[in-house]
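The values are calculated or read from the model by the stated rules, or taken from the named source; none is laboratory data. Please read all numbers here as calculations on a predicted model, not as lab measurements. Note that we place each Cβ from the backbone using ideal geometry, even for glycine, and neighbour counts take in every protein chain shown.
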Amino acid sequence: SGSGGASTLLVNAGKAEFKGVELEVTALPVDGLTLTGSLGYTDPKYKQFLFLNPQTNVVSDIAGSARFSNLAKFNSYVSAEYAFPSMGIGQLSIRGSYAYRSHVYFYPNDAVNIFNKVVDSNATNNVEARITLSDIPVGNKLRAEISLFGENLLNEDQALYGVDFGGLGFGGKIFGEPRRFGVDAKFTY
């Protein structure tokens with residue numbers, strides 16, 4: 001972002017190793033109740049990450065300090081959904097869920113992206129709920145579904161992405177929506 005304007009440089013980091021584990025479970029303990037859950041853990045390490053410093057024109061291996069961009073080391077999800085016995089006016093179900101994602105950096109190299117630690121994303125917790133009445137008879141072949149929902153019920157500031165304009169002296173974040181409630185309606189024929 002000096003006198004030559006702004007530019008983006010994509011490079012191959014060289015060598016990396018990923019270790020991790022993932023678990024997904026679905027349980028149906030009683031009629032109508034579905035429990036789901038997942039856990040994921042990733043432990044990535046750069047083995048080699050050669051970086052050409054544009055100020056010194058020297059190549060060095062920054063594998064020890066480089067970060068993996070857009071990667072959460074830990075994430076989890078749990079949900080419970082209960083579908084009540086079918087009624088004459090439709091099928092009523094309720095669902096609640098909780099998701100967690102650990103801290104995320106959006107850029108690998110603090111030497112180039114000087115606001116990397118400012119535009120990062122803290123760990124996020126997301127709680128959602130939904131009540132749905134489905135299979136509502138509307139006509140001969142027409143069926144309707146209506147849902148009331150709530151998203152981001154904890155009203156957390158959730159950074160979706162960060163932009164580092166380091167050479168210009170600032171950075172910015174793009175956030176997800178705050179707590180919100182709504183109604184969905186669907187028709188099928």
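Counting only residues that are of a type in the set (A, V, I, L, M, F, W, C) and over 13 Å from ALA185 (Cβ atoms), how many does region 132-163 have?
Result for region 132-163: 5.
Look at GLY96 and say whether it is at pLDDT 95 or above, more than 16 Å from the chain's Cα centre (by Cα) and farther than 25 Å from GLN55 by Cα.
yes
Suppose we filter region 140-183 for residues that are exposed (fewer than 13 other Cβ atoms within 10 Å of the Cβ), touching a residue at least 40 places away in the same chain (Cβ under 8 Å) and more than 30 Å from ASP110 (Cα to Cα); how many remain?
Summing the residues that are exposed (fewer than 13 other Cβ atoms within 10 Å of the Cβ), touching a residue at least 40 places away in the same chain (Cβ under 8 Å) and more than 30 Å from ASP110 (Cα to Cα) in region 140-183 gives 2.
How many residues does region 123-146 contain that are assigned to a loop (DSSP other than H, G, I, E, B) and at pLDDT 95 or above?
Counting residues in region 123-146 that are assigned to a loop (DSSP other than H, G, I, E, B) and at pLDDT 95 or above gives 1.
Of everything in region 147-189, what is closer than 29 Å to ALA99 by Cα, in contact with a strand residue (DSSP E or B) (Cβ under 8 Å, 6 or more places away or on another chain), part of a loop (DSSP other than H, G, I, E, B) and not basic (Lys, Arg)? Give them in sequence order.
Selection gives ASN152, LEU153, LEU154, GLU156, ASP157, GLN158, GLY176, GLU177.
Could you list, in sequence order, the residues of region 78-101 that are of a type in the set (Ser, Thr, Tyr) and farther than 30 Å from PHE187 by Cβ?
The answer is TYR98, TYR100.
Here is a list: ALA144, ALA99, ALA111. Which entry is among the small types (Gly, Ala, Ser) and under 30 Å from GLY37 (Cβ atoms)?
ALA99
Please verify whether ILE114 is surrounded by 14 or more Cβ atoms within 10 Å (Cβ to Cβ), touching a residue at least 12 places away in the same chain (Cβ under 8 Å), out of contact with any Ser or Thr (no Cβ under 9 Å at 6 or more places or on another chain) and over 30 Å from ASP43 (Cβ atoms), treating the condition exactly as stated.
Criteria not met by ILE114.
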